[in-house]
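The values are calculated or read from the model by the stated rules, or taken from the named source; none is laboratory data. This structure is a prediction, so every number in the text was calculated from the model and none was measured. Cβ atoms come from the backbone with ideal geometry, glycine included; neighbour counts cover every protein chain shown.
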């Protein structure tokens, strides 16, 4: 059995966590995703929230955050506080659907897109995927108008995160476990999500 190794030692067993069982559905179309955008939390609310500041204090995450320097990193929903402002990344892409989230900060690469659409175009096992506060039914169904489509979106987003992420993903959100499954590493005080290690 493989293990994720770092200069500080071995970080957990490299097993792909079990995905929650979901009904097989036809993938959402681009038009359906556009319909959903109106139900997502308004762009100015999460922009002001700094999830990374709280995450940085989680001891169990520090070894994984340090490993970002060795990997391509895709951050879904960086808001106004992108991860690479705090940690060196091998390469960095911030994926944001709202134009007000794309600050003009030197050296960062932003893509104006929703996370699902962007990840669909990436190769298997091609990047560390990081997301704080996106797999959350209160964020992605803020308008309460498309709950069925919103749930399908989160199922597909979780499936794409699992397909693209390597050697791990860091996903924290109020419904992360529902869509991603039980994480390999769960920092204290985080009740949903954590680090998902893939082999």
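Which residues, taken from the stretch 72-85, are more than 21 Å from residue 157 (Cα to Cα) and assigned to a loop (DSSP other than H, G, I, E, B)? The answer is 80, 81. Kindly indicate whether any position in the stretch 116-138 is more than 29 Å from residue 60 (Cβ to Cβ), modelled with pLDDT of 85 or more and out of contact with any helix residue (DSSP H, G or I) (no Cβ under 8 Å at 6 or more places or on another chain). So far as the stretch 116-138 goes, yes, one or more of its residues are more than 29 Å from residue 60 (Cβ to Cβ), modelled with pLDDT of 85 or more and out of contact with any helix residue (DSSP H, G or I) (no Cβ under 8 Å at 6 or more places or on another chain).
Here is a yes/no grid of residues against (1) over 24 Å from residue 69 (Cβ atoms); (2) surrounded by fewer than 20 Cβ atoms within 10 Å (Cβ to Cβ); (3) more than 15 Å from the chain's Cα centre (by Cα); (4) modelled with pLDDT under 95:
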| position | (1), (2), (3), (4) |
| --- | --- |
| 143 | yes, yes, yes, yes |
| 146 | yes, yes, yes, yes |
| 149 | yes, yes, yes, yes |
| 165 | no, no, no, no |
| 172 | no, no, no, yes |
| 179 | yes, no, no, yes |
